[in-house]
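Structure record follows, encoded as structure tokens.
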């Protein structure tokens, strides 16, 4: 393992791009302002179809903002960063287990689809305390996609294989500099199948369609969002019978998972049928399960730590579902148990219970303050 401290975020992104282009798995991590500087390199990698992995650690912005507090305000930045249209994948870490498990997945997706993968995390996940089972160091599988390493297959390659516009799923063969194989050009201008610069309209159309086919291929392989339910006073389970009516469908992502699990399995809410749909794979956005559940729910509410309801914006854009009931927080603090519990209780009209929950929380806070905690 090599760790390199670059002089700025632009250089860090270029280091990673060069390392991945040469066949080494590499990543760089930054926060929102640093990722702004990396966006040009993300766009370059889309043109040369070079796999890369970026970790984007969210904190409140804009500018330096609240550098030691938490937020979920960079989802749209991750989905839309870089000029032009191209495929990318956005994942989000929700727990300490995710922080380990999602990294080999991110590298596999990057190499399988020859795209940039952006892994979102948050200050809350980075600094929270977890009880963690030992990580399984054996189960990760390395998938390198259409990387050609066999000597005989390398000799059979043609320069035009690299960016073949007819490649299945938009994913063409890839090989490394220095291999005993045909040469091709990797540069930022629009190019033909061999990487040679071409501004012909017909070629530009074919290459754009080739690159964007990867988006649709990727979307068809990503898993649907994860679901937790409480039905008939029982907790757990990940399936809702056709006869079960959902009183409240909650949609969230990121660090919301931990507090939402605690809240929905609380004594105050266990008498209600609640489904929590949690997104780990945020782009391309899979909405089939969401639409299925929303159609059977009395009410849906979006829970996010940003001002605009950014996941809700993507949902509306992708499938037309407009979730108007939103619990949004954007003061740099995470969702607290008592806070979220009272807000959800209010959705069931249980305002007296919600007020009691908040009063108890304030009382505990005063006691802690008097104790000097």
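Answer with yes or no whether residue 98 is buried (at least 19 other Cβ atoms within 10 Å of the Cβ), at pLDDT below 95 and under 14 Å from the mean Cα position of the chain (by Cα). Here the answer is yes, as residue 98 does meet what is asked. Counting the residues of segment 33-75 that are under 18 Å from residue 310 (Cα atoms) and either in the same structural domain as residue 309 (by TED's automatic domain parsing) or in contact with a helix residue (DSSP H, G or I) (Cβ under 6 Å, 6 or more places away or on another chain) (or both) gives 6. Among the residues of segment 77-95, those that are over 10 Å from the mean Cα position of the chain (by Cα) and part of a helix (DSSP H, G or I) comprise 77, 80. Looking only at segment 32-60, residues that are modelled with pLDDT under 95 and assigned to a strand (DSSP E or B) come to 0 in all. Does segment 44-63 include one or more residues that are surrounded by fewer than 23 Cβ atoms within 10 Å (Cβ to Cβ), more than 23 Å from residue 312 (Cα to Cα) and in contact with a strand residue (DSSP E or B) (Cβ under 6 Å, 6 or more places away or on another chain)? No, segment 44-63 contains no residue that is surrounded by fewer than 23 Cβ atoms within 10 Å (Cβ to Cβ), more than 23 Å from residue 312 (Cα to Cα) and in contact with a strand residue (DSSP E or B) (Cβ under 6 Å, 6 or more places away or on another chain). Evaluation of residue 32 against the conditions (1) more than 19 Å from the chain's Cα centre (by Cα); (2) under 20 Å from residue 127 (Cβ atoms); (3) free of Cβ contacts under 8 Å to residues at least 60 places away in the same chain shows that the sole unmet condition is (1). If the condition is being at pLDDT below 80, out of contact with any helix residue (DSSP H, G or I) (no Cβ under 9 Å at 6 or more places or on another chain) and not in a strand (DSSP E or B), then segment 217-248 contributes 232, 233, 236, 237, 238, 239, 241, 242, 243, 244.
Going through 214, 205, 210 one at a time, which residue ends up being surrounded by fewer than 16 Cβ atoms within 10 Å (Cβ to Cβ) and outside any loop (DSSP other than H, G, I, E, B)?
Working: 214 fails: surrounded by fewer than 16 Cβ atoms within 10 Å (Cβ to Cβ); 210 fails: surrounded by fewer than 16 Cβ atoms within 10 Å (Cβ to Cβ).
Matching residue, one of 214, 205, 210: 205.
I'd like to check something: does segment 124-146 contain any residue that is in the same structural domain as residue 68 (by TED's automatic domain parsing), touching a helix residue (DSSP H, G or I) at 6+ places or on another chain (Cβ under 9 Å) and closer than 30 Å to residue 47 by Cβ? Checked against the condition, which is being in the same structural domain as residue 68 (by TED's automatic domain parsing), touching a helix residue (DSSP H, G or I) at 6+ places or on another chain (Cβ under 9 Å) and closer than 30 Å to residue 47 by Cβ, segment 124-146 yields no hits at all.
Assessment of segment 8-22 against the conditions (out of contact with any strand residue (DSSP E or B) (no Cβ under 8 Å at 6 or more places or on another chain), in a loop (DSSP other than H, G, I, E, B) and modelled with pLDDT of 95 or more) yields at least one matching residue.
The values are calculated or read from the model by the stated rules, or taken from the named source; none is laboratory data. None of the values given here were measured: they were computed from a predicted structure. FYI the Cβ positions are ideal-geometry reconstructions off the backbone, even for glycines, and counts take in every protein chain you see.
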